[in-house]
């Protein structure tokens, strides 16, 4: 059994191998110890100023608590409800008030409930986009977003420090410290105040949208929200299946073959896809081609600037497209770049006036919302954009690329021997190649993996996943051919170690 180790967004492991009820109890006890400690002092996880804008929108106000209150939710994976009950039993045994979701819910719905209920934090049972045999625990702060590394490291240090306290389920229900609630209804109400539903209802064109929920917690939520608008929604994979048959619930091209086929053979204006816990977005054009998350971020950014007239800074991760930089420069917006992991974006959004922040994997956060990514909201904002522009996605993308530049992005994931991991990155940092596919490397970024940037603005990034045993190789260039050539160069570099 491996040691419990937190990655970029909590702890994930294989069910029955490392993700066991015993280990979940140990992690839950450390979480209880952490929130009890921080509730008795100046709590870094509880920042009322971070909540202010959202609380004003919901009409809520912060209130002091005598003991911490934690929101617990779970996704559609195997045994997720039972793991959520286990976490709740430990927290209640530690005299912590728990509000447990009555059904599987998305991570954004849980995060909204944290702020809406003025809780100290939350625990989400989810392995997000990982294969079906994984499960995990995401830990959220009072602001609704993921805790920063120093907080998760503190929780790691608390593992096994104290013996596990746990109540049986019947005693837990009778303790007075457990409430079971529906998170979805309040979440939907808030989404309806954020998205311009008047525009969606008054649209003269009846847009046809294909929604792929990937058997996850996105479920039929988008369809339900749009049922009284002039948007026709067809949902696939809306049923819950913990095996995620044939796919990993991650909205990337290799997992979207059926959805691509439906787009090519059907009559749809846009496909939107949410991952297993619905905090990430993917999209397809009417011809079935993938719209990268970086391009989704850019489309939404321009929509905010043109239609909503909003302002603020822009945050991108090191793996995001240079197109983001071009748009920020044209509009004279302050641009920030962070390591991969939405918690870095969330932390920055709490400190600065940020209009939009996103990562290459499809997690995007927005001004006047949670400091959290939301795939459902991202999908609805794309549909809002179609209604505002009164034209199709292909024409909008064409104009974006004409004005701000054309970039083509590619990524591959490969399993890589554990014993070679440190050597690969160390070698790249010490002796980076001087040229890539005939172009001079003019800049090297080393703060998250190694990113090699060429004189024509093409780039290659190599880093290891924080949640899976794989090497991720990313590339971007002016053409698809060159982007793929860059990936092949990356593979050769990795194989040479």
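Quick notes on this structure:
- Qualifying positions in region 479-492 - surrounded by fewer than 20 Cβ atoms within 10 Å (Cβ to Cβ) and touching a strand residue (DSSP E or B) at 6+ places or on another chain (Cβ under 7 Å): 479, 480, 484, 487, 489, 491
- In region 334-353, residue surrounded by the most Cβ atoms within 10 Å (Cβ to Cβ) [restricted to those that are under 12 Å from residue 312 (Cβ atoms) and free of Cβ contacts under 8 Å to residues at least 24 places away in the same chain]: 336
- Entry remark, region 449-497: residues being farther than 15 Å from residue 437 by Cβ and assigned to a loop (DSSP other than H, G, I, E, B) number 8 in total.
- Residue that is surrounded by the fewest Cβ atoms within 10 Å (Cβ to Cβ) [pool: residues in region 312-333 that are touching a residue at least 40 places away in the same chain (Cβ under 8 Å) and more than 23 Å from the chain's Cα centre (by Cα)]: 330
- Scanning region 222-246 for residues that are surrounded by 19 or more Cβ atoms within 10 Å (Cβ to Cβ), assigned to a loop (DSSP other than H, G, I, E, B) and without any contact (Cβ under 8 Å) to a residue 40 or more places away in the chain turns up 229, 237.
- Extreme residue, nearest to the chain's Cα centre (by Cα), among residues of region 105-117 that are in a loop (DSSP other than H, G, I, E, B) and surrounded by 24 or more Cβ atoms within 10 Å (Cβ to Cβ): 106
Where a number appears in this text, it was derived from the coordinates with a stated rule and is not lab data. Computed from a prediction, not measured in an experiment: that's the story for all the values here. Glycine also receives a Cβ, built like all others from the backbone with ideal geometry; neighbour counts cover every protein chain displayed.
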